[in-house]
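Contents: one structure, followed by commentary.
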Amino acid sequence: MKNLRRILPIILIIAPYLSVFVMVLPVRKTLPLYLLFSVVIYGFNIWNAWSYPHKEDGRSLAFWDMVIKLSHIPFYAGVFAMALLLMLAMVVPAFIIVTPILVSALAVVDVCLILTSSMYGISASMRLRKEGRISNQSALLYIILHLFFVTDVISAVCLYSKCRKQTFHP
């Protein structure tokens, strides 16, 4: 079980990058499988974040939160670039109808990914608050920041940095 808890965040790190292969392969065959894979992986990672053993402190949750958030930066940048290109392509009449649908689909993917990966940080914030290592206000601030793009990465790094400092300097 301990190995599964370490493997799940690694799979979550890799999962969004697999979508590149889905775009290259025939969509009819691979898209439904990829969507099912994503739902299963997201579900297991949410379970993992909230059922972490109590004997392990919030530091490991904060660590995985930070690693996941930092590793997803290139994916989010690629999605942003793709959405920007689609918006620029709207000068072609055929893309006027297709572009909003594709950009909306990209936004849904991003929101699902950010919420799933943020579960580690939200769980860590609540665990660290219960342990008395951060205040109620700090926990609330970290949780709110984990719900928005860009601030989620900053929050993840700050949260891990704070609990790391506390571990080495009580």
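Residue pairs whose Cβ atoms lie under 7 Å apart, separated by 6 or more positions or on different chains, with the first residue in region 102-115 and open to solvent by 70 Å² or more (accessible area, probe 1.4 Å) and the second aliphatic (A, V, I, L, M), are L102/L86.
Working only within region 18-29, note down all residues that are open to solvent by 40 Å² or more (accessible area, probe 1.4 Å) and either within 16 Å of the chain's Cα centre (by Cα) or closer than 20 Å to S60 by Cβ (or both).
First, pick out the residues of region 18-29 that are open to solvent by 40 Å² or more (accessible area, probe 1.4 Å): 18, 20-21, 23-29.
Within region 18-29, L18 is the sole residue that qualifies.
Does region 29-42 contain any residue that is closer than 22 Å to V157 by Cα and at pLDDT 95 or above? Looking through region 29-42, at least one residue is closer than 22 Å to V157 by Cα and at pLDDT 95 or above.
Under the condition of being free of Cβ contacts under 8 Å to residues at least 12 places away in the same chain and open to solvent by less than 70 Å² (accessible area, probe 1.4 Å), the residues counted in region 80-93 number 4. The set of residues in region 58-79 being open to solvent by 40 Å² or more (accessible area, probe 1.4 Å) and of a type in the set (G, A, S) consists of A77 alone. Every condition in (1) out of contact with any Lys or Arg (no Cβ under 9 Å at 6 or more places or on another chain); (2) in a loop (DSSP other than H, G, I, E, B); (3) touching a residue at least 40 places away in the same chain (Cβ under 8 Å); (4) surrounded by 12 or more Cβ atoms within 10 Å (Cβ to Cβ) is met by R133 except one, and the failing one is (1). Taken as a whole, region 94-101 holds no residue that is open to solvent by 30 Å² or more (accessible area, probe 1.4 Å) and closer than 19 Å to H72 by Cβ. Kindly indicate the residue of region 136-165 that is at pLDDT below 95 and of a type in the set (D, E, K, R) and also surrounded by the fewest Cβ atoms within 10 Å (Cβ to Cβ) among those meeting that condition. Here the answer is K165.
To keep it simple, each residue is scored yes or no on (1) in contact (Cβ under 8 Å) with a residue 40 or more places away in the chain; (2) surrounded by 11 or more Cβ atoms within 10 Å (Cβ to Cβ).
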| residue | (1), (2) |
| --- | --- |
| K2 | no, no |
| P16 | yes, yes |
| L31 | no, yes |
| S38 | yes, yes |
| G43 | no, yes |
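The values are calculated or read from the model by the stated rules, or taken from the named source; none is laboratory data. A quick note: this is a predicted structure, and the numbers were derived from the prediction, not measured. Methodologically, a virtual Cβ is constructed for each residue, glycine included, from the backbone with ideal geometry; neighbour enumeration extends over all protein chains shown. The area values use the complete protein model at the heavy-atom level, side chains included, leaving out ligands, DNA and RNA. Shrake-Rupley method; radii C 1.70, N 1.55, O 1.52, S 1.80 Å.
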